[in-house]
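Notes follow once the structure below has been shown.
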Amino acid sequence: MTGLAAGTGATTAEPAGNTPATTPATTPADTAAKPAADTPPPDRCPRCGGGFHCGVQGPAPCPCSTLSLAPALQATLRQRYRGCLCLACLQALAAGAEP
C-alpha cells in the first residue's frame, strides 16, 4: 500500500502490519541559510568583541594597512591579543587609546 508521508508530499511504502513509514520533518534550523563554503566566517575583535572581516588574505589591501602604529604598541598588542583587531579599535589605538 502506498500513502503520503505526513506534511511532506513524499510517497512512502507502507509495510504490511506496521505503521506507515514517514520522512523526518525538517525544522527551521535545518533549512536556515548557511554560509557558502568559500565565504570566510566573520572575525571577532579580541579587544572589543565586535565582528569584522579581516582582509589580510583578501585580494585588496586590508584597511588596517592604512594605519601606522608605533613598534612598541605593536609589540604590546601582539602580547595581549591573539589575531587581528577591528579597524575601529586600531584607529582608536593609533589615536592614543589604551590597549
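Which ones in the stretch 51-75 are surrounded by 15 or more Cβ atoms within 10 Å (Cβ to Cβ) and of a type in the set (S, T, N, Q)?
Correct list: empty.
Could you list, ordered by first residue, the pairs with Cβ atoms under 6 Å in which the first is in the stretch 66-90 and in the same structural domain as Gly55 (by TED's automatic domain parsing) and farther than 15 Å from Val56 by Cβ and the second is surrounded by 14 or more Cβ atoms within 10 Å (Cβ to Cβ) and among the charged types (D, E, K, R), at least 6 apart or interchain?
Cys89/Arg47
The values are calculated or read from the model by the stated rules, or taken from the named source; none is laboratory data. What you are looking at is a predicted structure, and each value in this text was computed from that prediction instead of being measured. Note that each Cβ is placed from the backbone with ideal geometry, even for glycine, and that neighbours are counted across all protein chains shown.
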